[in-house]
1. Placing unit charges on C-beta atoms (Lys and Arg positive, Asp and Glu negative, everything else neutral), compute the dipole magnitude of the chain about its Cα centre in debye, rounded to 20.
2. Quote the charge dipole size of segment 355-430 about the Cα centre in Debye, to the nearest 20; the model charges only the Cβ of Lys and Arg (+1) and of Asp and Glu (-1).
3. Excluding residues fewer than 8 places away in the same chain, name every one of the aspartates and glutamates whose C-alpha is closer than 13 Å to that of LYS280.
4. Given axes a ≥ b ≥ c from the Cα gyration tensor, I'd like to know whether segment 1-74 is rounded (a/c under 1.5), prolate (a/b larger than b/c) or oblate.
5. So if we plug the beta-carbon distance of ASP683 and LYS750 into 1/(1 + (r/R0)^6) with R0 = 35 Å, what FRET efficiency do we get, rounded to 0.05?
6. Cut-off is 10 Å between beta-carbons; in what order do SER217, SER437 appear when sorted fewest neighbours first?
7. Whole angstrom only: what separates the Cα centroid of segment 493-525 from the Cα centroid of segment 253-267?
8. For a test of the definition: using alpha carbon positions, the gyration tensor, and the 1.5 limit on a/c, classify segment 177-313 as rounded, prolate or oblate.
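Just so you know, all these numbers are worked out from the coordinates, no wet-lab data involved. Computed from a predicted structure; not experimentally measured. For neighbour counting, all protein chains shown are included, and Cβ atoms are generated from backbone atoms with ideal geometry for every residue, glycine included.
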Amino acid sequence: MAKKKLSVTKFGYFDVPGREYVITSPWTPAPWINYLGLEGMLCGMVSNTAGGVTWFQDPLERRVTRYIQIGCNKDRPGRWLYVRDNDTGRFWSPSYQPVTRARPAAYECRHGLGYTRIRSTYAGIASEMLFFIPLGEHVEVQRVVLRNKTDRERHLSLFSYREFVNDSGFQDLTNIQYSGHLAHVDLDAEDNRILYVMTRQDGWRPLPFFAVSEPVSGFETKCDVFIGDGSIENPQAVREGKTTDTLVGDDTAVGVLKSDLTLAPGQEKVVHYILGVAPKPTKDEAKAVITRWLGDDRKVLAALEELKAHAVGLVSALQVETPDEYASVMVNTWNAYQCWINFQFSRSISGYATGLGRSMGTRDSLQDLLGYMHMAPGRARQRILELMGAVHLQNGGCQHQYSALTKTGMGEGGFSDDHLWAVLAVCAYVKETSDLSILDEAFAYTDNRDLVEDLYHHLLRAIQYSYNDRGAHGIPRLRAADWNDTIGGGRNDEVSESVLVGIMLVKMAKEMIRLTEISGRQALKVRHAGRRVPVTDYLEAVIRDLTKAVNARAWVREGWYARGTDKKGRWFGVPSRAEGKIFLEPQPWSVMAGVASRDRAIKAMDNVYAKLFTKHGIQILQPGCTVAPSGNFTVFPRGAKENAGIFCHPNPWAVCAETMLGRGARALEYYRAILPPAASEPDPVQYCAEPYVYGQQRYGGEHREFGKCAGTWLTGTAAWNYVAVTQYILGVRPDWDGLVVDPCIPADWKGFRAVRRFRGATYDVKVSNPAGVEKGVKSVRVDGKPVPGNVLPAFGDGRVHRVTVVMG
Ligand code: GLC
């Protein structure tokens with residue numbers, strides 16, 4: 001049985017069976033955030049002090065509340081509540097923010113899967129605030145419970161606070177001479193517990209509303225009037241316990257509803273605040289929704305249980321018991337949850353992404369699918385088709401971004417890698433499901449709506465694009481950038497080349513051969529070297545040419561692969577350079593793609609260990625640069641981000657590569673170096689970020705904040721670590737013919753268990769390691785009977801199959 005409290009620090013711990021992270025201090029080194037609304041409609045973020053934002057479908061176009069992620073006002077405003085003791089005039093906030101001078105006597109925040117609960121005590125009043133968005137609903141519930149712990153009657157006033165945006169998230173912040181004049185809130189004509197946020201009178205966006213279950217004794221909708229002579233920490237209305245009942249018609253619209261409560265000693269009271277949107281923007285529609293929810297506590301609690309069951313159902317697609325409890329808690333709950341959040345929100349909004357700029361990145365979303373696939377393959381399928389339909393160009397390349405709201409591509413093409421990730425995502429889907437029909441789905445190219453081809457041909461064009469766009473060394477051009485967004489000569493640069501893309505192309509061509517074979521497309525012919533040849537011959541030629549070019553031109557004597565060439569055709573990521581002598585990305589990919597011979601693979605990966613690895617993770621390059629050999633990454637100081645930071649996203653590539661080389665101890669060492677609970681526990685202040693989700697980067701050894709983590713939640717780090725630990729360390733990996741069990745673990749691991757849903761059956765896999773090896777499967781039994789090899793067939797019978805695997 002898993003321990004209840006895991007990784008206890010002065011800021012919190014994992015409640016393992018509860019699938020919650022418990023934050024025990026409001027003074028975390030950064031806002032520690034959670035997401036609400038997990039099915040992509042009404043959604044939100046909430047911090048451990050109730051800072052956060054709500055939006056409907058798209059945080060750029062359809063933002064409901066205002067939120068700032070940077071500066072001294074960061075993590076503000078939020079879903080705030082002021083509680084005023086009318087006998088003493090004292091007031092406080094149950095979530096600590098914004099009345100921070102009133103320090104709670106007790107505090108606890110529990111982030112769960114799609115909900116957050118903050119409990120605190122101040123002046124003898126215990127409070128609990130629960131935030132969540134019921135499944136399939138357009139309402140966000142704030143359920144408040146207040147309990148009088150004293151032996152005297154208490155007379156309290158509650159003041160809610162929500163700050164509404166006036167237009168799209170972008171217009172709201174950048175075009176105030178326009179958006180400021182849209183602020184407009186109406187009170188319901190019959191029920192003064194309900195406010196309608198009427199900003200924009202043209203019905204362009206869903207109608208936001210805000211309501212409270214208790215009778216209302218006053219309201220404010222004008223921020224300035226609410227604050228009066230004070231501040232958000234000390235608003236005049238709360239200080240004086242009085243409202244002016246003003247309706248806003250300009251500037252800053254807020255939802256302050258005042259309710260008065262009397263609590264006898266020991267008495268408890270439940271109050272609901274409901275924030276929501278009516279997609280059909282009429283007050284009648286809004287009121288119909290409010291009436292269904294307001295004050296029905298049984299319905300609220302049932303909706304929470306329904307949400308929890310749904311969330312647990314999703315992450316339960318794979319559950320493990322390993323000797324490493326930190327790995328287990330991440331796989332079983334948090335890493336899976338993060339993958340799911342990434343699927344939902346890609347790069348749109350987090351504590352680090354404002355939600356005002358880019359939304360879904362093409363390469364990002366395609367990689368995110370790798371960690372999500374097994375939880376909801378049907379939705380992954382839909383995403384692949386929608387995304388590719390939105391961004392794929394007829395030359396085989398992709399637009400770099402797309403909007404999940406409008407399902408259209410955004411931004412220019414010219415990136416050398418975007419399209420290739422599609423091959424990986426589609427193969428992951430087919431391996432997970434065996435559903436080949438996805439390849440037959442036909443759709444047009446975004447720049448030529450008359451050209452309609454099936455998905456297989458789209459993927460083929462992706463390969464052809466990279467193969468045809470090779471530079472002087474026979475290696476694909478780097479163009480605007482490859483996976484590393486900060487290198488590249490520009491979309492029109494014909495000189496720079498990317499060794500990473502060259503290597504990736506080999507991997508993708510190999511995958512394409514299998515896709516071709518299993519979907520029976522071998523008869524297909526394509527043009528190659530002036531002739532029409534069978535498509536598999538063409539793909540073999542791609543593999544051969546690229547493997548040869550990379551090994552002949554990009555291998556350096558010191559034992560690693562160069563990163564590419566610059567705009568003048570000079571190599572970088574090579575020892576002859578004064579800076580940036582070695583880059584991480586091509587080394588693990590050379591192993592993953594099978595481009596490197598075993599000898600070269602070992603040398604390259606040993607150089608990763610010797611030259612790039614630190615106790616906080618693997619740095620992306622060394623030494624950090626003062627002059628970027630390509631691109632613009634020297635905007636960052638040495639040790640930050642792509643300039644020699646510990647870029648976490650490619651770290652798990654090294655984990656995968658090490659398992660392919662059979663080095664389980666080193667794979668686990670890499671994995672643990674950035675595993676959030678393990679990485680943050682020794683010094684959570686220095687680490688700074690949430691210990692339950694991965695960040696995009698940690699600062700590298702040359703940086704003054706070495707080890708600090710940032711960019712949490714929306715990052716490819718989540719999917720790739722999930723893949724690395726589950727499919728490569730534990731080695732439970734969907735493949736074309738079934739579920740492979742191919743662990744690569746430290747020799748001192750005695751074994752582990754993994755229970756995984758796969759193609760309509762459940763595999764309860766127990767692995768033992770009596771001989772203390774790192775890799776190798778000696779025997780496999782399924783339901784007591786020995787089976788040859790280590791590929792478990794797809795039973796598809798809805799039953800649980802017991803699998804025992806002995807390593808040796
Ligand atoms: C950011 C981008 C991602 C890119 C990475 C490396 O995480 O979202 O697309 O691959 O940086 O530059």
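1. Numbers: 97 positive and 89 negative charges, 475 e Å.
Once rounded to the nearest 20, the dipole reads 2280 debye.
2. Values: 6 positive and 6 negative charges, 51 e Å.
For this selection, approximately 240 debye.
3. Qualifying aspartates and glutamates at Cα under 13 Å: ASP202.
4. On the way: a/c = 4.33, a/b = 1.58, b/c = 2.73.
Here segment 1-74 falls in the oblate category.
5. Details: r = 31 Å, r/R0 = 0.88.
The calculated FRET efficiency here is 0.70.
6. Numbers: SER217 16, SER437 11.
Listing SER217, SER437 from fewest to most nearby Cβ atoms yields SER437, SER217.
7. Taking the Cα centre of segment 253-267 as reference, the centre of segment 493-525 is 63 Å away.
8. Numbers: a/c = 1.92, a/b = 1.14, b/c = 1.69.
Oblate.
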